[in-house]
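To start, the structure itself, in structure tokens.
Bear in mind that the values in this text are calculations on the coordinates, not laboratory data. Predicted model only: the values in this text are computed from it and were never measured. Virtual Cβ from ideal backbone geometry, glycine too; neighbours counted across all protein chains shown.
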Amino acid sequence: MSKRIPLQTESDLLFARQAAREMMREMGFGSADQTRMATAISELARNVLKYAGEGTCTLIDEQDEREMVLRVVVEDNGPGITNIDQAMEDGFTTGNGLGAGLPGAKRLVNNFDIASEPGYTKITMEIRRHANK
Amino acid sequence: MSTTVKDEIMGIDLKQAIPTPVMAVDKDFNIVFINAAGCDWLGKEWEEIEGKKCYDVIETTLCNTKKCVARKAMDENTKITARNEMKCYGKTIPVEITSSPLKDKKGNIIGGLEYIVDISHSVKMENELRTQTQTILELSTPVIKIWDGVLLLPLVGIVDTMRAQQIIENLLNSIVENEAEVAILDLSGVPLVDTAVAKHIIKTVNAAKMLGAETILTGFSPDVAQTLVTLGVDLNNIITCGSLKTGISKALNFIGKKVVSYEG
Amino acid sequence: MIPILKLKGILLSSLQGDLTDNEVLEYQSRMLNMLEKTEAKGVLIDITGLDIVDSFMARVINETANMARIMGTEVVLCGMQPMVALTLVEMGRELIGVQTALNLDKGFDKILILIGSEKGE
């Protein structure tokens, strides 16, 4: 199951993080994980709106018998991140004072991957937990 | 032992008598031999099996993949064991398959030998153990309200990352639910505190502080204190007490209460 | 618009639900203006209703508190959700230099104590 949410305005950002929370609750994730992912989406979506103007956020339910997995893919056609290592450093920002966006989001999830070139950026995040039942 | 009995036993085809499936294949996975137990499991006669590919007959989840034990045993020239699932008397059961390479006189690998063991009992035990571990995990992190506004969380046993996460969430939720101004985290029962665990503890203290509650750490054993200092863990901004007793007294002071002797 | 109420020399406000960046920034400047106008001694911000606090929101809260303090006011933040606290710590975004309290009740007590010393003047 997957859900694609366009990111064009600030209310899309708010919608995307609530949609992720809702989906995770239905999948059986605890409230800590719901908050982690919703916050991480907020950070990334904010970057998309600021640097690329618009993009999309896709929520994908990847669970199997052993694990609950939510994968979130945030994509945009903006200028791209020229120096990923630098962008992942604490305190680094090219906009106006939001340095913790990427590294902060990375610390909240289990897997975090950035692929970026001029004209296309794709960030993939995952939270995975052992299924209890 | 009399020679007659020995001769009689040695006269039996022991390969056939092994009470668990044994199978030999050539390098192209054609079945060269399968014993009686193997035929029984599959519910087939030897005539039906002879010359067929092993993956067409036993149909396990690893068949025809890189993880096939016979293939690995032949490729790597060593004994390989792996868990798998296969049909036995019409039912799919968990099995352990061990394979070793078969060589000709010059030492060239010409095939593989496999023997298959039913492990449904151990798998069942493992699952039970897992459920029990989960239960113990839930039981072992109680949050006790020892006074209005004071919580005690005694940690007992090994704290791994998964458990540490659970403890943090549990404590933070309890602080808000109970409107607790102080929480005591007692480590007397924790034999080992490594950097990862120390990080989780510091995280808990910082998160509790943001909520508006103080955390007092108690029960550092000499070993734990030594490890933490050696590891360079910074506990400077954290309130610590040697014993749970002084921790409780400090916590009570914090909420404006005091323990005094009762004298007539 | 986020309401800001004045109660016994304290500016009281409650941040709730999904707030847009503009709402938050507008709130910040209105709060500082009101501080100047009303000469309030304390600011109490309740965030019980925020289930997500990202780095932007954390920064605004932090800045508001620091600006208010420069203007000679005490600030207490109360009612943070436990999982919000955990998330902020994990992100490395601790709120530094802001006094906190578990709920509005305790927050009110705390701010009264903080501004109490000036009461006798």
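Rounded to the nearest 10 degrees, the angle from helix B:195-211 to the longest Cα principal axis of chain B is 40 degrees. When chain C is treated as a GNM with alpha-carbon contacts under 10 Å, the residue of C:V89, C:V60, C:V76 showing the greatest mean-square fluctuation is C:V89. Derived scalar couplings between HN and Hα for segment A:66-81 equal 8, 9, 8, 9, 10, 10, 10, 10, 10, 10, 8, 10, x, x, x, 9 Hz in order, rounded to whole Hz, by the Karplus curve 6.51 cos²θ - 1.76 cosθ + 1.60 (θ = phi - 60°), x for Gly and Pro. If the elastic network links every pair of Cα atoms under 10 Å, which of B:M162, B:M86, B:M74 fluctuates the most in the Gaussian network model of chain B? Answer for the Gaussian network model of chain B: B:M162. Pairs from the table (B:K209/C:K110; B:K203/C:K110; B:K6/B:K105) lying more than 20 angstrom apart at Cα are B:K203/C:K110; B:K6/B:K105. The mean number of partner chain beta-carbon atoms within 10 angstrom of a residue's beta-carbon across peptide B:13-21 is 0. Across chain B, the longest piece that holds none of the trypsin sites (Lys or Arg not before Pro) lying in DSSP loops with up to 16 other C-beta atoms within 10 Å covers B:107-256.
By the beta-carbon count within 10 Å of each Cβ, the least crowded to most crowded order of C:L88, B:L152, fewest first, is B:L152, C:L88. Volume per residue for segment B:52-197 equals 189 cubic angstrom (convex hull of Cα atoms). Under Stokes-Einstein, with the Kirkwood radius over Cα pairs as Rh, the value for segment B:3-123 at 25 °C and 0.890 mPa s is 164 µm²/s. Legend: mean number of C-beta atoms from other chains within 10 angstrom of residue C-beta atoms, peptide C:48-57, equals 6. For chain A, a Kirkwood hydrodynamic radius built from all Cα pairs, placed in the Stokes-Einstein relation at 37 °C and 0.692 mPa s, yields a translational diffusion coefficient of 222 µm²/s.
Using a cut-off of 19 Å between Cα atoms, the listed pairs C:K8/C:K37; B:K44/B:K87; B:K44/B:K72; B:K67/B:K103 include B:K44/B:K72; B:K67/B:K103 as exceeding that distance.
Helix A:31-47 axis versus longest C-alpha principal axis of chain A: approximately 20°, rounded to the nearest ten.
Inter-label distance, B:E8 to B:E50: 3.0 nm, where each label sits 7 Å from its Cα along the C-beta direction. The calculated 222 nm mean residue ellipticity attributable to helices in the protein assembly as shown amounts to -13000 deg cm²/dmol, summing -39500 (n - 2.57) over DSSP H runs of n ≥ 4 and dividing by all residues.
Once C-alpha pairs closer than 8 Å and six or more residues apart are averaged by separation and normalised to the residue number of chain A, the relative contact order reads 26 percent. Relative contact order of chain C: 25 percent, from C-alpha pairs under 8 Å at least 6 residues apart in sequence. Against the main long axis of the alpha-carbon atoms of chain B, helix B:161-178 sits at an angle near 40°. The GluC sites (Glu not before Pro) of segment C:34-68 that DSSP puts in a loop, and whose beta carbon has at most 12 other beta carbons within 10 Å, are C:E39.
Considering chain B at the alpha-carbon level, its Rg and Dmax are found to be 31.0, 98 Å.
Amide H contacts under 5 Å for B:A183: B:L151, B:E214, B:T215, B:I216, restricted to partners 5 or more places along the chain or on a different chain, H placed in the peptide plane at 1.01 Å from N. Under 17 Å of direct C-alpha separation, and excluding same-chain neighbours fewer than eight residues apart, B:K106 reaches these lysines: B:K27. Within segment B:40-143, the GluC sites (Glu not before Pro) that combine a DSSP coil assignment with at most 16 other C-beta atoms in a 10 angstrom radius are B:E45, B:E50, B:E59. Considering only B:L231, B:L155, B:L171, the Gaussian network model of chain B with Cα springs below 10 Å gives its largest mean-square fluctuation to B:L231. Proximity of backbone amide H atoms, modeled 1.01 Å from N, is registered between B:I110 and B:L102, B:K103, B:D104 at under 5 Å, excluding neighbours fewer than 5 places apart on the same chain.
Under 13 Å from a point placed 7 Å out from the Cα of C:L25 along the Cα-to-Cβ direction: which residues of segment A:18-51 have their backbone N that close? Of the residues in segment A:18-51, A:50 have backbone N under 13 Å from the label point off C:L25. Within straight-line reach of A:K106, meaning a Cα separation under 14 Å, sit the following aspartates and glutamates at least 8 residues removed in sequence or on another chain: A:D33, A:E43, A:D85, A:E89, A:D90, A:E126, C:D54, C:E90. Taking every residue in C:74-83 and counting other chain Cβ atoms within 10 Å of its Cβ, the average works out to 5. For the protein assembly as shown, the alpha carbon convex hull comes to 262 Å³ per residue, rounded to a whole number. Calculated from the alpha-carbon coordinates, segment C:18-121 shows an Rg and a Dmax of 13.7, 43 Å respectively.
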